[in-house]
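K.L.:
Would you mind keeping the following structure in view while I ask a few things?
A short reminder: the numbers here are calculations on the coordinates, not readings from a lab. Quick caveat, the model's predicted, so the values are computed rather than measured. Positions of Cβ are generated from backbone atoms using ideal geometry, with glycine treated the same way; all protein chains shown enter the neighbour counts.
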Amino acid sequence: MGEGRASLTAAEAKEVCDAYGIAMPAQGVAKSRDEACAIAAEIGYPVVAKIESRDVLHKTDIGGVIVGLETDEALREACHEVVQRTRAHDPDASIDGVLVQRQFAADGATEVIVGAATDPVFGKLVAFGLGGVLVEVLRDLTFRLAPATEEEAAAMLDELAGAAVIDGVR
């Protein structure tokens, strides 16, 4: 990154995932409401609208994520809302647009976080844990030296206190 940032934007994260063959929902960054609707028409409804800003790490906390959008009208309003909420939170925040992402049913799915960090002693690390708001609340993470092998990555799943959540409780 080299810009003093601690995280990637969603669009940047997708580029990294694409490079490593990690599947992600179809998405695009819209600079206008019309462009957002065009992206949704291409990827299909329902969609999620997320503010695309390198200055806002926890988008949900400021109302920068709106889920379950099923019409152009709802998407247009959501685009306006996430921008307004971001401006209210931080008037100087850099806004690159609104990420429009295909929303999938959450039945049996668990949100996870995959990240990278640099430790002054150990060097480059790969992080894995329960994602979304759970990463902040539970701080249930595990780490490996980068690059991690497939076997190490699989072992990381089992090391979490919340491994049963990922495996699907019941």
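K.L.:
Where in segment 80-148 are there GluC sites (Glu not before Pro) that are in a DSSP coil and have at most 15 other Cβ atoms within 10 angstrom of their Cβ? Each step should come with its number before you reach the end.
P.N.:
Numbers: sites: GLU81, GLU111, GLU136; in loops: GLU111.
Those that pass, being in a loop and sparsely packed, are GLU111.
K.L.:
Any chance you could count the Lys pairs in the chain whose alpha carbons are under 19 Å apart, treating pairs 8 or more apart or on different chains as valid? Before the final figure, lay out each step's value.
P.N.:
Values: LYS14/LYS31; LYS14/LYS50; LYS14/LYS59; LYS31/LYS50; LYS31/LYS59; LYS50/LYS59.
Close lysine pairs under the 19 Å cut-off: 6.
K.L.:
Next up: Going by amide H atoms built from the backbone, whose H comes under 5 Å of the H on GLY97, apart from near neighbours?
P.N.:
So GLY97 has HN proximity to GLU52.
K.L.:
If each Cα of segment 10-102 is one equal point scatterer, what is log10 of I(q)/I(0) from the Debye formula at q = 0.13, 0.17, 0.18 Å⁻¹?
P.N.:
Treating every Cα as an identical point scatterer, log10 I(q)/I(0) equals -0.39, -0.67, -0.74.
K.L.:
If you place +1 on the Cβ of every Lys and Arg, -1 on the Cβ of every Asp and Glu, and leave all else neutral, what size is the dipole of the chain about its Cα centre, to the nearest 20 Debye? Please list the in-between numbers first.
P.N.:
On the way: 15 positive and 29 negative charges, 47 e Å.
Here the chain has a charge dipole of around 220 debye.
K.L.:
Okay, moving on. Taking the radius of gyration and the Kirkwood hydrodynamic radius from Cα positions alone, what is the Rg/Rh ratio for segment 82-156, to two decimal places?
P.N.:
On the way: Rg = 16.6 Å, Rh = 15.3 Å.
Using Cα coordinates only, the ratio equals 1.08.
K.L.:
Then there is this: Does segment 112-167 come out rounded, prolate or oblate by the C-alpha gyration tensor, with a ≥ b ≥ c the root eigenvalues, rounded set by a/c under 1.5 and, if not, prolate when a/b is larger than b/c and oblate if not? Each step should come with its number before you reach the end.
P.N.:
On the way: a/c = 2.43, a/b = 1.36, b/c = 1.78.
Judged from the Cα gyration tensor, segment 112-167 comes out oblate (a/c at least 1.5, b/c at or above a/b).
K.L.:
As an exercise, take the mean of 1/r over every pair of distinct alpha carbons in the chain, invert it, and state the Kirkwood radius in angstroms. List each step's numbers first, then the result.
P.N.:
On the way: mean 1/r = 0.0574 Å⁻¹.
For the chain, the Kirkwood estimate is 17.4 Å.
K.L.:
How high is the relative contact order of the chain, in percent, counting Cα pairs under 8 Å that sit 6 or more residues apart? Provide the component values of the computation, followed by the final result.
P.N.:
Details: 264 pairs, mean separation 32.1, N = 170.
Once normalised by length, the contact order is 19 percent.
K.L.:
Order of 151-159, 41-49 by packing, highest average Cβ count within 10 Å first?
P.N.:
Numbers: 151-159: 12.9, 41-49: 17.2.
Final packing ranking: 41-49, 151-159.
K.L.:
Under 5 Å between amide hydrogens, which residues at least 5 positions from GLY131 or on another chain qualify, with H placed 1.01 Å from N in the peptide plane?
P.N.:
Hits under the 5 Å cutoff: GLU111, VAL112, ILE113.
K.L.:
Ranked highest first by the average count of other Cβ atoms within 10 Å around their residues, in what order do 66-78, 82-94 fall?
P.N.:
Working: 66-78: 16.7, 82-94: 14.6.
Peptide ranking by packing, descending: 66-78, 82-94.
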